[in-house]
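In what follows, a structure is listed as structure tokens, so that the remarks can point back to it.
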Amino acid sequence: MTAPPTTLIVIPTYNERECLPEIVAAVRNAVPYATIQIVDDNSPDGTGALADDLAAADPQVRVLHRTGKAGLGAAYLDAFGRALAEDTWDRVVQMDADFSHAPADVPRLLAALDAGADLAVGSRYTSGGGTRNWGLGRRIISRGGGTYARVVLGVGVHDLTAGFKAWKVQTLRNINLAAVGARGYGFQIEMTFRVLRNGMKVTEVPILFEDRRVGESKMSGSIFFEAASLVWRLRRSIPVGRG
């Protein structure tokens, strides 16, 4: 029997103590052969210490401690850089810790890679996707920012702000991670655009994005304005084939 491709699942955390044990268990159940990389930004609620306890009890869980909160993009770039340096992974998944991204959907994203995608995006806005328990304001911010970015950048991906993704490691090698400038939620737009700019294949996999079970959403109106200014810089600064 052929062993599955080596898979690293990156989960950034900041004050996620309440949901961390449950999300780790759910991901381990959904993709039992994968390793989970928790990336904690020195959470004041003790998430980092709890992550260490989980890692001590399970060799397929490990923790990267960062000194402070420097943005979601920075956390992912740190984890991606380490994964590339290790040179042992075939696929890397990124997802939230709060169950907004369903662990049961991870195999569907990985299947899209197996079918030929260089990047698989868990998409709220492709056919069959959607959101649950979102207020009107949040829907407007999310869909409006994504649509604006899509039009300005001239791309066909419907959910450019999606944060639930599965990468072939070679895709991460092919884009210039050192040049990625966005560190907040605009990071999601920039990373997908760099893949497209390099002529690689992005497949959208429909998902139902459910509002977080515990804690408070980290989304705000500033996300829209970040995206609005970022996309024009991306359009001007990343030529075709040089993402």
Cα-based equivalent ellipsoid, the stretch 89-161: semi-axes from gyration tensor eigenvalues, Å:
23, 17, 10
From the Cα centre of the stretch 1-55 to that of the stretch 123-199, the distance in Å is 23 Å
Net charge contributed by nearby residues that have their C-beta within less than 13 Å of Arg82 (K/R +1, D/E -1):
-1
For the stretch 195-200, 3J(HN,Hα) per residue [Karplus equation, 6.51 cos²θ - 1.76 cosθ + 1.60, θ = phi - 60°, Hz, x = Gly/Pro]:
4, 5, 5, 8, x, 8
Structure-based [θ]222 nm, the chain - -39500 (n - 2.57) summed over DSSP H runs of at least 4, per residue, nearest 500:
-12500 deg cm²/dmol
Could you give the dipole magnitude of the chain about its Cα centre, charging the beta-carbon of Lys and Arg +1 and that of Asp and Glu -1, in debye to the nearest 20?
1120 debye
Karplus-derived 3J(HN,Hα), 6.51/-1.76/1.60, for each residue of the stretch 87-98, Hz, glycine and proline x:
6, 10, 9, 9, 9, 10, 10, 10, 7, 7, 8, 9
I want to verify a result. In a Gaussian network model of the chain, Cα cutoff 10 Å, which of these has the top mean-square fluctuation: Arg139, Arg150, Arg108?
Arg139
Under the classification rounded if a/c is under 1.5, otherwise prolate if a/b is larger than b/c and oblate if not, where does the stretch 74-119 fall, given a ≥ b ≥ c as square roots of the Cα gyration tensor eigenvalues?
oblate
Please report the net charge: other residues with Cβ closer than 10 Å to the Cβ of Gly71, K and R +1, D and E -1.
+1
What is the stretch 58-182 by shape, rounded, prolate or oblate, if you read a ≥ b ≥ c off the alpha carbon gyration tensor as root eigenvalues and call it rounded for a/c under 1.5, prolate for a/b larger than b/c, and oblate otherwise?
rounded
Two-decimal log10 I(q)/I(0) for the stretch 133-218, as the Debye equation yields it once each C-alpha is a single scatterer, q = 0.22 Å⁻¹
-1.22
Kindly identify the stretch 28-77 as rounded, prolate or oblate by the Cα gyration tensor criterion: order the square roots of the eigenvalues as a ≥ b ≥ c, call it rounded if a/c is under 1.5, otherwise compare a/b with b/c, prolate if a/b is larger, else oblate.
oblate
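No lab work stands behind these numbers, since they all come straight from the coordinates. Being a predicted model, the structure only gives us computed values, none of them experimental. Positions of Cβ are backbone-derived with ideal geometry, glycine not excepted, and every protein chain shown enters the neighbour counts.
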